[in-house]
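Visitor: If you scroll down you'll find the structure; I have some questions about it.
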Amino acid sequence: APSAGAGGSGGGAVQITSGARIRILGGGDIIAAGTGGGLGSSINGEGGGGGGSGGGILLEAPEITINSGRLSCNGGGGGGGGSGANGTPSTAGANGDFDVAQALGGSGNGPGGRGGANTGLAGESGFANPNDVTTAGREGSGGGGGGVGRIYLRTHTDGLTLTNQNISPDNGWGQDLI
């Protein structure tokens, strides 16, 4: 039976709370990124699945230090749309990652949209195939990319130390005072 590409999974959530301190040092990573959307069927020309949205990260302590560590709640890329007319294969969207670059959408006759990351908070829309003008041999559109999640650091006024960190989304995180 024909079916569109499966949607990507959301990033989930993690909360770490300490009465003293949290340290994320070189090589320390926390990722709650969405996965890429599934590819559309090349046989039936189905649309690609949407990318999963980023999840949430909450760190809560009087002192938080991130030194060469990475936190990520990026969205996954949308899956590429399939082609019923010529059978050109499509690909799934890329998973959200630690990178500040947006996860790529899958390829296909209707490419998937990139996932949200860094300063691009919303995922991009998937693309329709411009050649899909007939009722026979329909070709699927790409799935949209997933939006970013949220990173929240809750600490004392002078308790946050950030050095060579990679936090994505860059403007999608906040700090609150204990």
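Visitor: Take each of the peptides 5-17, 36-48, 99-111, average the number of other beta-carbon atoms within 10 Å over its residues, and list them starting from the highest.
Guide: Listed from highest to lowest mean packing, they are 36-48, 99-111, 5-17.
Visitor: Let me ask something additional. For the chain, what is the accessible area per residue in Å², given a 1.4 Å probe and the full set of protein chains?
Guide: 45
Visitor: Give me the accessible area of D97, 1.4 Å probe, in Å² rounded to the nearest 10.
Guide: 80
Visitor: Let me ask another. Could you derive backbone 3J(HN,Hα) for the range 162-167 from the dihedral phi with the Karplus parameters 6.51, -1.76 and 1.60 (θ = phi - 60°), listing whole Hz in sequence and x where the residue is Gly or Pro?
Guide: 10, 9, 6, 7, 10, 10
Visitor: Same structure again: Hey, rough spin-label estimate for L121 and N164, points 7 angstrom out along Cα→Cβ, what's it come to in nanometres?
Guide: 3.0
Visitor: Take peptides 53-59, 158-164 and line them up by average Cβ neighbours within 10 Å, highest first, as a rough protection proxy.
Guide: 53-59, 158-164
Visitor: Treat every Asp and Glu Cβ in the chain as -1 and every Lys and Arg Cβ as +1, leave all other atoms uncharged, and give the resulting dipole magnitude about the Cα centre to the nearest 20 debye.
Guide: Dipole of the chain, to the nearest 20 debye: 140 debye.
Visitor: Along the charge dipole of the chain, which of G7, G142, T91 sits closest to the positive end, that is, farthest toward it, with unit charges on the beta carbon of Lys, Arg, Asp and Glu (+1, +1, -1, -1)?
Guide: G7
Visitor: Would you pull out the residues with amide H under 5 Å of I24's amide H, same chain only if 5 or more places away, H placed 1.01 Å from N?
Guide: When sequence neighbours closer than 5 places are left aside, the close amide H contacts are T65, I66, N67.
Visitor: Using a 1.4 Å probe on the protein heavy atoms, what percent of the accessible area of the range 1-104 belongs to carbon and sulfur?
Guide: Ligands and nucleic acids excluded, carbon and sulfur give 51 percent.
The values are calculated or read from the model by the stated rules, or taken from the named source; none is laboratory data. Small disclaimer: the values here were computed from a predicted structure and weren't measured. Every residue, glycine as well, gets a Cβ built from its backbone with ideal geometry; the counts of neighbours run over all protein chains shown. For accessibility, only protein heavy atoms count, side chains too; no ligands or nucleic acids. Shrake-Rupley method; radii C 1.70, N 1.55, O 1.52, S 1.80 Å.
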